[in-house]
Amino acid sequence: MQTITDLVEVLENRQTLDQAGLTRLLTTPKAEPLYQAADRVRKRTVGDEVHLRGLIEFSNYCRRNCLYCGLRAGNSRLHRYRMTPAEIVATARFAVGLGMKTIVLQSGEDSSYTVSELCAIVQTIKKMGVAVTLSIGERSRSTYAALKEAGADRFLLRIETTNEQLYARMHPGMSYQNRVQCLYTLKELGYETGTGSLVGLPGQTPAMLAADLVFFKELDADMIGLGPFIPSPGTPLAQAAGGAVDLVLKMMALTRLLMPEINMPATTALGVKDPAGYQKGLSCGANVVMPNMGERDYKRLYAPYPGKEGWASNAETQLAKIKAVLQQMGRTVSPGYGFRVRGG
Ligand code: SAH
Ligand code: SF4
């Protein structure tokens with residue numbers, strides 16, 4: 001039987017490993033060699049620069065009912081808000097003023113904004129000279145196409161899990177096939193496409209996570225976001241156990257080794273679950289952080305999971321904290337847009 005070091009070496013040299021090998025690395029108690037290899041590869045391919053993406057959570061209305069998420073339509077306890085287009089644009093301007101080179105617009109699946117409203121918002125923000133990323137869930141091909149035409153550069157849509165039974169259990173009324181189709185459509189339309197998984201969902205096994213990794217590689221995703229599942233009050237999974245930080249770090253390290261040149265954030269959920277989450281993520285393959293640009297009240301209400309508001313009271317403070325973490329780690333803030341590098 002191959003040792004953990006052997007498996008890591010194969011992966012580092014060939015950027016591929018079978019599902020059994022991936023599963024073994026996901027379950028090893030000795031993950032240090034894996035983390036170190038991911039950090040080496042990250043440094044060699046995307047370097048020490050970290051891309052900051054200014055996150056604007058513009059609406060917490062959602063028509064979906066994902067079992068794990070505090071924004072689910074069925075959570076009647078949550079006070080809902082919706083920023084106006086003018087507010088969204090003003091927040092983007094503020095974020096650009098703070099130095100953000102990418103603006104990420106995220107929301108629940110809120111159908112109250114029309115496609116032309118969304119396109120106008122994207123067009124206005126693009127004029128500020130930044131990249132625009134959307135994370136607004138499953139839409140029609142024509143909507144994705146119109147938003148691309150309006151100037152959107154990237155799109156984030158996590159598959160959450162590639163296990164179809166688990167997907168069906170977690171997402172009542174949703175179709176796994178459609179989600180996969182959305183991802184391929186986004187790629188085809190020329191978006192830099194991001195996906196990822198929720199790590200530690202009830203019933204999720206290491207073999208399922210290994211299959212997620214294979215899916216990321218097959219899709220040739222440009223960005224991968226991985227975070228721990230954090231039980232959220234007001235949801236059917238409020239009492240479930242959350243995902244483990246070390247399992248998230250293993251998933252991140254494996255992702256970096258399988259797909260050396262992608263962009264990968266140290267996610268907010270990782271930073272919420274562990275006070276040193278950003279540092280740990282950035283040491284296990286991550287090269288992106290997404291500081292929240294929103295006002296305190298919106299940030300509190302945009303709560304797929306609890307604990308987000310604890311990190312910093314406002315955008316400036318959060319940004320300063322993140323920059324301090326980077327400086328202490330010998331990493332720098334990238335002055336560029338942070339598109340995916342090819343052949344690095
Ligand atoms: N509605 C859009 C985007 C907003 S949700 C969408 O679903 O694509 C953003 C992400 O929050 C989701 O992809 C999900 O992975 C994450 N999330 C939701 N509930 C969570 C929880 N309880 N713990 C950790 N992450 C969660
Ligand atoms: Fe809505 Fe996204 Fe939460 Fe699902 S994960 S309920 S789509 S906000």
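Quick notes on this one:
- Look at where the Cα atoms of the stretch 272-339 and of the stretch 55-99 average out, and the two centres are 17 Å apart.
- Taking every C-alpha pair closer than 8 Å and separated by at least 6 residues, the mean separation divided by the residue count of the stretch 154-305 gives a relative contact order of 20 percent.
- Rounded, prolate or oblate (a/c below 1.5 giving rounded, otherwise prolate when a/b exceeds b/c) for the stretch 21-326 by Cα gyration tensor: rounded
- Taking a point 7 Å out from the Cα of Ala324 in the direction of its Cβ, none of the residues of the stretch 32-55 has a backbone N less than 16 Å from it.
- Each peptide in 59-70, 18-29 was scored by the mean count of other Cβ atoms within 10 Å over its residues; highest first, the order is 59-70, 18-29.
- Relative contact order of the chain, taken over Cα pairs closer than 8 Å and 6 or more residues apart, is 24 percent.
- Virtual spin-label span in nm between His79 and Ser140, 7 Å along Cα→Cβ: 3.6
- Label point distance in nm, Glu295-Arg342, each placed 7 Å from Cα along Cα→Cβ: 4.3
- Gln36-Ala90 FRET efficiency (beta carbon distance; Förster radius 41 Å; 0.05 resolution): 0.40
- With a simple spin-label model that places each label point 7 Å from the Cα along the Cα-to-Cβ direction, the separation between Arg169 and Thr332 comes to 4.8 nm.
- Probe 1.4 Å - accessible area at Arg340, Å² to nearest ten: 30
- Nearest-20 debye value, the stretch 21-326 charge dipole, Cβ charges on Lys, Arg, Asp, Glu: 280
- Close Lys pairs in the stretch 144-285, defined as Cα atoms under 27 Å apart and 8 or more places apart or on different chains, number 9.
- Selection from Tyr176, Asn314, Gly271 lying farthest towards where the dipole of the chain points positive, charges on Cβ: Asn314
- Remark: the stretch 169-177, residue by residue, has Karplus-estimated 3J(HN,Hα) of 5, 7, 10, x, x, 10, 10, 4, 4 Hz, where x stands for each Gly or Pro and the curve is 6.51 cos²θ - 1.76 cosθ + 1.60 at θ = phi - 60°.
- A simple packing score, the average count of other Cβ atoms within 10 Å per residue, orders the peptides 250-256, 280-286 as 250-256, 280-286, with the highest score first.
- Pairwise centroid distance, computed over Cα atoms, of the stretch 106-131 with the stretch 153-177, Å: 23
- For the stretch 42-162, a crude dipole built from +1 on the beta carbon of Lys and Arg and -1 on the beta carbon of Asp and Glu, taken about the Cα centre, is about 220 debye to the nearest 20.
- DSSP finds beta bridges in the chain, and of those with both partners inside it, around 5 percent are antiparallel.
- Net charge of Cβ neighbours under 13 Å - reference Arg14; Lys, Arg +1; Asp, Glu -1: -3
- Just checking the listed ones, Gln204, Gln327, Gln106: in the Gaussian network model of the chain with Cα springs under 10 Å, the one fluctuating most is Gln327.
The values are calculated or read from the model by the stated rules, or taken from the named source; none is laboratory data. Here the structure is a predicted model, which is why all the values come from computation and not from measurement. Neighbour counts are summed over all protein chains in view; Cβ atoms, including those assigned to glycine, are modelled from backbone coordinates with ideal geometry. The protein model used for the area step is the full one, side chains on, heavy atoms only, and it has no ligands, DNA or RNA in it. Shrake-Rupley method; radii C 1.70, N 1.55, O 1.52, S 1.80 Å.
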